[in-house]
Amino acid sequence: MGIPLLDLKAQYVSLKDELDAVWSEVMSGAGFIGGPKVRALEEAIAGYCGTQYAVACGNGTDALFLILAAMGIGKGDEVITTPFTFFATVEAIAHLGATPVFVDIEPGTYNLDVGKLEVAITGATKAILPVHIFGQCVDMDPLLAIAKSHGLRVVEDACQAIGATYKGRCAGSLADAAAFSFFPSKNLGCAGDGGCITTDDEGLALKARKLAAHGTTKKYFHDTFGANSRLDALQAAILLAKLPHLDEWNGQRRAAAAVYDQLLAGVAGLSLPEVRPYGEPVYHLYVVKSEKAENVMAALSAAGIGTALYYPLALHEQEVFTKQPGYVAPSLPVAESCDARTFALPCFPGITREQIECVAGVVKEAMAS
Ligand SMILES: *Cc1c(COP(=O)(O)O)cnc(C)c1O
């Protein structure tokens, strides 16, 4: 019996009639780019996150890029971020000509260690880009206090954290602006690529919207260079149909995580994800850490159970940086200690207790051998 890392087919089957109906509605209307579905989704996302504005765009990477561009970040600027994230976070910074500056993470949550943030600030620092990794919010209050005292902008990479809370507020509403991804495997995923920006800053929302549309607000008249980053109506329609189920799905992920926590507690040499008391995570991934990762993953694969390293190599050690002449990799021991040791166990909405017991059994046996 196989257990996938994520079961998207089951999710489709559970909503098939509704999704097929909205899909055919958009096809019949033949309005594919922008339009009322996209506007409705923007309103729904802003409402869900508790922000004034939401701007849909092509994907999560673009959402980050458009926010930083709208903030005027570019050549010579430094943006502080985490080395333990999907590569897109730093790509957005690098494509603007700015320099990512890496600060180490906390063991346990794998989130940026806010206690190590302030020493990384220089005269060139313009922004801080925390990533709510695996669906748990970064400790934002102390981070925002540091940003404020140095006059820095703060952008949340909330791509893995839609629905997560911090002191009762939603990820995406905690800083100057936030980026979401609707990539199919995210907690709220569409049937292709999609993304969104949330913010309370009207000027930033307008600028980002303009940049996403070739830098124009008046068709065929341009006063700046932008990009082509649109969400199409089919994706918006699917996301509108799925959004009302998101809290329930996130609840099921939390319930699955709680079962793993219980079944795997006390296994020697295996670190379970730590949850901070300031908020509720949404377990985009349930990631454990062990020196025996390779053996445990092999045992899981042999049993037909999906697993993968998140992430196999920290970003400050990636070739794209190390091959640059004069690059001196910072020493970030906690992030480096995760290389090839942190891996995900199946934790998706609808996973059954039996499936979780099966996964935990294989993990325990492999850890003991
Ligand atoms: C998925 C993801 C992105 C990029 O989103 P895309 O929609 O794939 O461009 C950025 N940051 C993080 C942390 C992500 O998980």
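The values are calculated or read from the model by the stated rules, or taken from the named source; none is laboratory data. Model, not experiment: these values are computed from the prediction. With ideal geometry, Cβ positions are generated from the backbone for all residues, glycine too; neighbour counts draw on all protein chains shown.
Figures for the structure shown
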quantity	calculated
In region 279-306, the residues that are more than 16 Å from the ligand (Cβ to nearest atom), within 20 Å of the chain's Cα centre (by Cα) and under 25 Å from residue 333 (Cβ atoms)	288, 289
Which listed residue, of 62, 20, is in contact (Cβ under 8 Å) with a residue 12 or more places away in the chain and over 14 Å from residue 199 (Cβ atoms)	62
Within region 74-86, tally of residues that are away from the ligand (no atom under 14 Å from the Cβ) and surrounded by fewer than 23 Cβ atoms within 10 Å (Cβ to Cβ)	5
Count of residues meeting criterion [in contact with a strand residue (DSSP E or B) (Cβ under 7 Å, 6 or more places away or on another chain) and either at pLDDT 95 or above or not assigned by TED's automatic domain parsing to the domain that holds residue 204 (or both)] in region 3-42	5
Qualifying residue in region 100-108 (condition: in contact with a Gly (Cβ under 9 Å, 6 or more places away or on another chain) and either part of a loop (DSSP other than H, G, I, E, B) or surrounded by 21 or more Cβ atoms within 10 Å (Cβ to Cβ) (or both))	yes
Complete set of residues in region 135-177 that are acidic (Asp, Glu) and surrounded by fewer than 23 Cβ atoms within 10 Å (Cβ to Cβ)	139, 141, 176
Criterion (under 23 Å from residue 165 (Cα atoms) and either at pLDDT 95 or above or within 16 Å of the ligand (Cβ to nearest atom) (or both)) met by exactly one of 240, 231, 211, 206	240
Residue 110 at pLDDT 95 or above, hydroxyl-bearing (Ser, Thr, Tyr) and under 30 Å from residue 232 (Cα atoms)	no
Boolean, residue 289 is in contact (Cβ under 8 Å) with a residue 40 or more places away in the chain, within 30 Å of residue 114 (Cβ to Cβ) and in the same structural domain as residue 169 (by TED's automatic domain parsing)	no
Residue satisfying all of: in region 156-213; more than 25 Å from residue 348 (Cα to Cα) and among the charged types (D, E, K, R); nearest to the chain's Cα centre (by Cα) among these	176
Test result for residue 115, without any contact (Cβ under 8 Å) to a residue 60 or more places away in the chain, in a loop (DSSP other than H, G, I, E, B) and more than 15 Å from the ligand (Cβ to nearest atom)	no
Where a residue in region 347-369 is on the phi > 0 side of the Ramachandran plot and its partner, wherever it lies, is among the hydrophobic types (A, V, I, L, M, F, W, C), with Cβ under 8 Å and at least six apart	350/10
Residue check for residue 367: more than 26 Å from residue 137 (Cβ to Cβ) and in contact with a Leu (Cβ under 7 Å, 6 or more places away or on another chain)	yes
Strands (runs of 3 or more DSSP E) completely within region 122-198 that count 1 or more residues being within 15 Å of the ligand (Cβ to nearest atom) and free of Cβ contacts under 8 Å to residues at least 40 places away in the same chain	153-157
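Conditions tested, residue by residue: (1) within 14 Å of the ligand (Cβ to nearest atom); (2) in a helix (DSSP H, G or I).
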position: 6; (1), (2): yes, no
position: 26; (1), (2): no, yes
position: 39; (1), (2): no, yes
position: 62; (1), (2): yes, yes
position: 93; (1), (2): yes, yes
